[in-house]
Structures are given as C-alpha cells and as structure tokens.
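What follows is a single structure, written as structure tokens, with notes after it.
The values are calculated or read from the model by the stated rules, or taken from the named source; none is laboratory data. All values reported here derive from a predicted model rather than from experimental measurement. Because the Cβ atoms are built from the backbone with ideal geometry, glycine has one as well, and the counts that use them run over all protein chains shown.
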Amino acid sequence: MTSWRFVHAADLHLDSPFVGLGQVQADLRRELVAATFAALQRLVDLCLSSRAEFLLLAGDLFDGPRISLKAQLTLRRELARLSQAGIDTFIVWGNHDQPAGASLSLEWPPGVTVFPPGEVTLAEVRRAGGTLARIYGISHGDGAEKGNLAGQFPAVPPGPLAVGLLHANLDKSPGHEDYAPCSLADLA
C-alpha cells in the first residue's frame, strides 16, 4: 500500500479584528491581524512541503459575515498555490463564516470544493489509480446552527478512506457557543 498524507485545519479567522483584546497598542494589533494571514501561508507551505494529497478546511476561515477583499484575495491566492501543485482543497463553512460564505466575491481555483449547507454531500479525491479518498461534508446553514450536523452523516460503505468534514462543538466544550453540537459517539 502506498503511503500518502492530508492536512486538516480549522478556525483560521482570517482578518479577525481581535475585538476581545481591548486596548492594545496599534503595532501589536497589526501584528495580530497579520498573524491570521501568516498562519494561512504557513499552512499552505506545509501542504506543499509535505506533498499532501489534499487540504481540509473545517470552518471559520473568516471571522464574521463581513469578509474583507484582502481576506478573500489572500485565501484565493494561497489556494491557487495548492491548485497549481495538484493539491485539492475541501471547505465547509462554520458559524463565523455565515451565511455560508454568501458575501464572497471570488472565484475558486480548480480543485477547490465547498460543501453546501443542508445535507451531507460527497466529493472524491481522484488520482490516476482511482479514488484515493472520499470526503463527506456539510456546512453550517447559518451562524447559529443548533442541529447536530454529525448525526446527518451516512454509514460509510467499504472502500477508500472516508473522511467526515464539519465544524462542530464536541460535548459542549466549555467557553464555546453550542453551535452544531455533537458527541464523540456521533463522530465514530
């Protein structure tokens, strides 16, 4: 069996204003905002250097419904780097990306799949030898998703690796809103 790898990330919160920090110095605030973009660039660098087959982005790429042009263009540029290297990207929207990325004005590079809200859908990672992996995903329908999205995933038939992609709150994690709540049993 040939070995291969994928990379998973969530909660990048690109262009976050870091409003919870109160009164911080302007230069520190600029560094913090830049850090979200640097994290994305490093994530893509990791995918490229490790020769990942695909990247999974499990929600909260942005930090709210108002998505800056800078955040959109940066995301598109970085995903285009992956596309040019033959690395697929799979995205689900989380509670901060709402409504389901509707304010995005960018066109995705080839090889980018964005899973819609409403029902679990399937995308396949295909290579010359056939299907490498099956990605099942579902996005949040709105910023206050209260349903158990994990409970909507179907039983997986035998075959290539199957990955479930969603943005959820596991076992009512302390300090987090209870959006898309699920249990460990729901994920197994």
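Summary of values
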quantity	calculated
Among (1) surrounded by fewer than 17 Cβ atoms within 10 Å (Cβ to Cβ); (2) out of contact with any Leu (no Cβ under 9 Å at 6 or more places or on another chain); (3) of a type in the set (Val, Ile, Thr), the one test that Val24 misses	(2)
Options Val24, Val44, Val7; residue that is over 24 Å from His167 (Cα atoms) and not hydroxyl-bearing (Ser, Thr, Tyr)	Val24
Scope region 74-99; condition within 13 Å of the chain's Cα centre (by Cα) and among the small types (Gly, Ala, Ser); matching residues	Gly94
Residue under evaluation Asn148, criteria (1) more than 20 Å from Ala52 (Cα to Cα); (2) modelled with pLDDT of 85 or more; (3) surrounded by fewer than 20 Cβ atoms within 10 Å (Cβ to Cβ), criterion not met	(2)
Filtered residue count, region 50-73, keeping only those that are surrounded by fewer than 23 Cβ atoms within 10 Å (Cβ to Cβ), over 12 Å from the mean Cα position of the chain (by Cα) and at pLDDT below 95	10
Any pair with Cβ under 6 angstrom, 6 or more apart, that starts in region 127-139 at a residue that is buried (at least 20 other Cβ atoms within 10 Å of the Cβ) and ends at one that is among the small types (Gly, Ala, Ser) and outside any strand (DSSP E or B)	Ser139/Ala100
